[in-house]
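**Q** So that we are looking at the same thing, I have put the structure below in C-alpha cells.
Every number in this text was worked out from the coordinates using simple rules, so none of it is lab data. Owing to the predicted nature of the structure, the values given are computational and were not obtained by experimental measurement. Cβ sites come from the backbone with ideal geometry, for glycine too, and all protein chains shown count toward neighbours.
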Amino acid sequence: MTYTAKKFDLPELKGLSKKQIDVHLALYEGYVKNINLIMETLAGYASYGDKASEGDKLAIAELRRRLGFEFDGMRMHEYYFEQFEGGKGGSPTSALAQAAAEKYGSGENFLAHIKEVAGTRGIGWVVVYQDVRGKTLHTVFVEDHQLGQLAGLPIILALDLWEHAYMVDYVPAEKKTYVEAFLDNVNWSVIEGRFVTTGA
C-alpha cells in the first residue's frame, strides 16, 4: 500500500494567501512521503524475522511509534484542506446545524465555542467530533495529532493551529484573525457531509 498526496480543488481564500496554502500543502506532502517511507522500511525489516539484531529491533520500535505521527498528520491535513473545496456553502437547517443547536444553543454559539477552544494556549488542532453513540458533538483541543484523539469518533471539522498553518500570513498574536479567516472560508456543506445521520 502506497499513499498518494491528494490534489485539492481550492478556491481563492479570503485572509489566507496562496503562498500560505502552498507552504501548508508542502508540509502535508511531507507527511505522505514519510508514511510511505516508514511502511516501506518496516516491510524491509519484516524479512529479518528472528534474525533481527537488537539495533534493528530498536529501529523497528521507533518506526512503529513514528507511524502514528506521520499517518495522523497526513489524514488530519486531508480533513483540513477538503473543508475549503467547493467554496462557501452549508444549510442552517442541516442535521449538523440541528445537533450543534441542541448541544450549544445555536449555530452562533457553536462557532463561538470553536473560537474559544481555538484560544487554548499552545499548538495543536481544534477537532469537532460526532459521538454517534452518545448522540452529541464534542469540540476538543488536540495537542499532538497522534495523541489525544477521541477513540472511534468521526471527525466533523479539523482546524489546524500549528504555526505552519498561518505564519506566512499572521504572527502568533494574530491567531484569532487566522481562526476567523479559516471559519470564513470553510465550506459547511463538506462538514455537513461528514455528519452521520444514521443511528444519531
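**Q** Place a point 7 Å from Cα of ALA26 in the direction of its Cβ. Which residues in region 166-185 have their backbone N less than 20 Å from it?
**A** 166-172, by backbone N distance to the label point.
**Q** Quick one, what does Rg over Rh come out to for region 139-178 if you take C-alpha atoms and the Kirkwood Rh? Please list the in-between numbers first.
**A** Details: Rg = 12.2 Å, Rh = 11.8 Å.
A ratio of 1.04.
**Q** Write down the Å³ per residue value for the convex hull defined by the alpha carbon atoms of region 96-200. Mind dumping the intermediate values first?
**A** On the way: hull volume 10.2 nm³, N = 105.
Considering the Cα atoms of region 96-200, their hull volume per residue is 97 Å³.
**Q** Order of 177-184, 6-13, 143-150 by packing, highest average Cβ count within 10 Å first?
**A** Per-residue Cβ counts within 10 Å, averaged per peptide and sorted highest first, yield 177-184, 143-150, 6-13.
**Q** Once label points are set 7 Å from the Cα along Cα→Cβ at both ALA61 and ARG121, what is their separation, rounded to one decimal in nm?
**A** Going from the ALA61 label point to the ARG121 one covers 3.5 nm.
**Q** On to the next question. Give me LEU159, LEU27, LEU137 sorted ascending by neighbouring Cβ count inside 10 Å, so fewest comes first.
**A** Listed from fewest to most nearby Cβ atoms, that is LEU27, LEU137, LEU159.
**Q** Further question on the same structure: How far is helix 107-118 tilted off the main Cα axis of the chain, in degrees rounded to 10, range 0 to 90?
**A** Taking the Cα atoms of the chain, the angle to 107-118 is about 40 degrees.
**Q** Sticking with this one: Rounded to the nearest 0.05, what FRET efficiency is calculated for PHE8 and HIS164 with R0 set to 22 Å and r the Cβ-Cβ distance?
**A** Working: r = 16 Å, r/R0 = 0.74.
The pair PHE8/HIS164 has a calculated efficiency of 0.85.
**Q** Another one. How many nm is it between the label spots at ALA151 and TYR45, if each spot is 7 Å from the Cα in line with the beta carbon?
**A** A separation of 2.4 nm, rounded to one decimal place.
**Q** Also: Hey, what number do you get for the chain at 222 nm if only DSSP H runs of n ≥ 4 count, each worth -39500 (n - 2.57), divided across all residues, to the nearest 500?
**A** Details: 6 runs with 98 residues, N = 200.
That comes out to -16500 deg cm²/dmol.
**Q** Which peptide among 160-169, 98-107 comes first, and what is the full order, when sorted by highest mean count of other Cβ atoms within 10 Å? Write down the numbers at each step before the final one.
**A** Details: 160-169: 18.6, 98-107: 15.8.
Per-residue Cβ counts within 10 Å, averaged per peptide and sorted highest first, yield 160-169, 98-107.
**Q** Tell me which label goes with the value of semi-axes √(5λ) of the Cα gyration tensor in Å computed from the coordinates here: (1) 33, 21, 16; (2) 48, 17, 14; (3) 34, 18, 12.
**A** Derived directly from the coordinates: (1).
**Q** Let me ask something else. So, in Å, what gap is there between the alpha-carbon centers of region 1-43 and region 136-191?
**A** With region 1-43 and region 136-191 each reduced to a Cα centre, they are spaced 16 Å.
**Q** Still on this structure: If you consider only alpha-carbon coordinates, what radius of gyration and Dmax does region 18-82 have, in Å?
**A** 15.0, 50
**Q** Over 25 Å between Cα atoms: which of LYS18/LYS175; LYS88/LYS176; LYS33/LYS135; LYS6/LYS176; LYS103/LYS176 fall into that group?
**A** Result: LYS33/LYS135; LYS6/LYS176 exceed 25 Å.
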